[in-house]
Amino acid sequence: MSEPITQIVTPTSLDYTFTAGGATERFLRGLKDGKILGQRCPKCQLVIVPARGACARCGVPTEDDVELADTGTMTTYTIVHIPVPGSDVKPPFVAATIFLDGADIGLFHLVHEVSLDKIRPGMRVKASWKPQEDWGFSLTNIRYFVPLDEPDVDVTELERRIAHA
């Protein structure tokens with residue numbers, strides 16, 4: 001009598017076509033030009049990045065593009081110790097939520113060039129861009145963020161400001 005098969009491991013592949021839409025297209029074109037574009041809500045004035053075409057708070061369409069700085073404040077983070085299949089980023093690495101200066105929603109990205117024991121909420125960071133000749137229509141034009149030699153930001157105060165934006 002044979003044992004029942006309870007598990008099988010097999011390679012899978014998903015091929016798909018993605019249509020970005022107007023807001024995402026402008027965001028990606030901005031990155032190709034070395035700019036980070038968000039959008040401002042006409043109702044509550046929330047600045048959203050990456051641009052999504054609608055306000056995350058109000059649900060109304062957003063059309064006003066806002067160019068944002070490539071500097072910001074790291075609020076939350078995790079130190080990843082498990083390799084990500086297909087990624088050339090080797091653990092351990094830091095994945096963080098970064099509130100770009102002028103934005104009211106965090107952007108998720110990597111933070112490097114800092115000792116793991118120095119990582120902390122409120123740390124000021126700046127984008128480290130790939131060489132311009134390697135830029136495409138992708139957030140990966142920003143390799144990662146690096147710490148700035150600036151005083152930390154009070155994350156509680158930042159959250160309070162964002163909550164009332």
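Remarks
- Rounded to 5, percent antiparallel among DSSP beta bridges of the chain: 95
- Most mobile of Ile82, Ile119, Ile98 in a GNM of the chain (Cα contacts under 10 Å): Ile82
- ³J(HN,Hα) computed for each position of the range 49-54 - Karplus, 6.51 cos²θ - 1.76 cosθ + 1.60, integer Hz, glycine/proline x: 9, x, 4, 10, x, 8
- Sequence-separation-based contact order of the range 22-163, relative, with Cα cut under 8 Å and 6+ spacing, percent: 21
- Lysines with Cα under 20 Å of Lys130, excluding same-chain neighbours fewer than 8 positions away: Lys32, Lys35, Lys90
- Over the chain: helical MRE at 222 nm, DSSP H runs n ≥ 4 each giving -39500 (n - 2.57), nearest 500: -3500 deg cm²/dmol
- Cα centroid separation, the range 1-63 to the range 78-141 (Å): 18
- For the range 22-163, the Rg and Dmax computed from alpha carbons only, in angstrom: 15.3, 42
- ³J(HN,Hα), Karplus 6.51/-1.76/1.60, whole Hz, each residue of the range 110-121, x for Gly, Pro: 8, 10, 10, 6, 8, 5, 4, 7, 9, 5, 7, x
- Between 0 and 90°, nearest 10: helix 22-32 axis offset from the chain longest Cα axis: 90
- Longest DSSP-loop-exposure-free segment, chymotrypsin sites (Phe, Trp or Tyr not before Pro), the chain, at most 16 other Cβ within 10 Å: 19-134
- Between amide H atoms placed 1.01 Å from N, distances below 5 Å from Leu148 occur with Arg124, Val125, Lys126, all of them 5 or more places distant or on a separate chain.
- Of the residues Ser87, Ser138, Ser13, the one that moves most in a GNM of the chain with alpha-carbon contacts below 10 Å is Ser13.
Just so you know, all these numbers are worked out from the coordinates, no wet-lab data involved. Bear in mind that the values here come from a model prediction, so they are computed numbers and not experimental data. Every residue, glycine as well, gets a Cβ built from its backbone with ideal geometry; the counts of neighbours run over all protein chains shown.
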